[in-house]
Amino acid sequence: MHSFFSQVLGFYLEWQTVILVFLTVLGALFIGIVVRAMLVRVSRRLHPVRHSWLHGLVAGSSNPAQALVWVLGVTLAGQLLLQHKAGDVSGDSLLAHGIGPIRDVGVILVVMWFLLRAVGQIQDNLLARAHDHGRDLDITAADAIGKLVKASVVVTAILMMMQALGFSIAGLLAFGGMGGIAVGFAAQSLVANLLGGLTIFASRPFKVGEYIIIPGTELMGGVEHIGWRATRLIGFDCKPFYVPNAMFNTQPVINHTRMTSRRIMEDIHIRYADIDAVPAIVAEGQAMLRAHPGIKHDFFAFNFSSCGSYSLKLFLYAFTVSTDYNDYLEVQQDVLLKIADIIRSHGAQLTGPVSAVEMPQLQAPKTGLSGVGGPDQGQPLPPPVPPSVS
């Protein structure tokens, strides 16, 4: 038995470093899996609406926590390998000098990953809570705040990693100031699109879910996503448009969703023969518009406007209460049909661009059956002789 333990001890002393490295890596893998499973279980117990912030932090930390354990375990195994090497050579090796910065960079990357996941999860939870409570949370503003926070996290992490690798932050900032001028000239369109995106997030002429129109172009559709470089629109034919954000700095934008009402504007034509019925038609039409539930009563017009080239023109101008397109079409149809009934009730008729030609009845020519003088008195006239062609 004593010899057995002696052999085991000798084997351990001979392969001590390998065994410790193996156990360290295996322990890191196991602990990382356990930590991730515990965080996932805790996040499932937390309600994303009632515990928006805590759920976002826990749910966003599951995978990064596992990665953090693995990074620390691998770097610890590397340190064990370095300590096993004899002499001063290990202290001057590249791995010995680089394992510390590599560990720091790994930890910074994992923390950055955790913060980005947590910000995205918290943003989704807050939107879900607003939806459940019946509040209208501005998706565009929430997206803008989330992107700004994520950009700040990424920039801070990059600066920290450069400092961990031994770069001078002051020198980098000075170089960035000089290089920013060159980059600005080389990437003018990219900078313009970035500023356009910032303008959209700041002034909010439209937001996600609204329908916009860019006059003078064929660009129109619902806003599906507002990015830093371009905005994605979905047209009526369900085809996506990717509009560069720089266009919104120079082009006017019509926000079709924010209209307060829809307009009805029509010219109604009746015959010239119905001029006497025009006052009664106009008065009854105005009374109908005043009592119609789908028409705004603060402003509308229905009047005799002009004498056209082929008919009398009655001008209809009104605004609907609802901005829904289907409701607008139904109200417009009902108003036009009621005006047509009013016109017919007064004996008038609608007309179109036609012309009537009145031709008097032709009379038969006299045949000379009675007359005075001449040998052919009372005789029919001879047929005409066709002209000769020479």
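The values are calculated or read from the model by the stated rules, or taken from the named source; none is laboratory data. Because the structure is a prediction, the values reported are computed rather than measured. Cβ atoms come from the backbone with ideal geometry, glycine included; neighbour counts cover every protein chain shown.
Inspect all residues belonging to the range 209-229 and state whether any of them is under 19 Å from D143 (Cβ atoms) and among the basic types (K, R).
yes
Considered as a group, the residues in the range 276-309 that are surrounded by 13 or more Cβ atoms within 10 Å (Cβ to Cβ) and of a type in the set (S, T, N, Q) include one that is modelled with the lowest pLDDT, and that residue is S305. Among the residues of the range 24-45, those that are of a type in the set (A, V, I, L, M) and buried (at least 18 other Cβ atoms within 10 Å of the Cβ) comprise A28, L39. Within the range 22-46, the set of residues being without any contact (Cβ under 8 Å) to a residue 12 or more places away in the chain and more than 12 Å from V58 (Cβ to Cβ) comprises F22, L23, L26, F30, V34, A37. If I go through the range 291-306 residue by residue, how many of them are without any contact (Cβ under 8 Å) to a residue 12 or more places away in the chain and either in a strand (DSSP E or B) or under 34 Å from the mean Cα position of the chain (by Cα) (or both)? Qualifying residue count for the region: 3. Being within 12 Å of the chain's Cα centre (by Cα), outside any loop (DSSP other than H, G, I, E, B) and at pLDDT below 90 is the requirement here; does F201 meet it? Considered against the rule, which asks whether it is within 12 Å of the chain's Cα centre (by Cα), outside any loop (DSSP other than H, G, I, E, B) and at pLDDT below 90, F201 comes out as no. For the range 214-224, a residue qualifies if it is exposed (fewer than 15 other Cβ atoms within 10 Å of the Cβ) and not acidic (D, E), and the qualifying residues are P215, G216, T217. Every condition in (1) more than 30 Å from R258 (Cα to Cα); (2) surrounded by fewer than 18 Cβ atoms within 10 Å (Cβ to Cβ) is met by L312 except one, and the failing one is (2).
Any residue in the range 238-245 that is closer than 30 Å to S345 by Cα and at pLDDT below 90? Give the steps one after another, and end with the answer.
Taking the range 238-245 first, the residues closer than 30 Å to S345 by Cα are none.
Scanning the range 238-245 turns up no residue that is closer than 30 Å to S345 by Cα and at pLDDT below 90.
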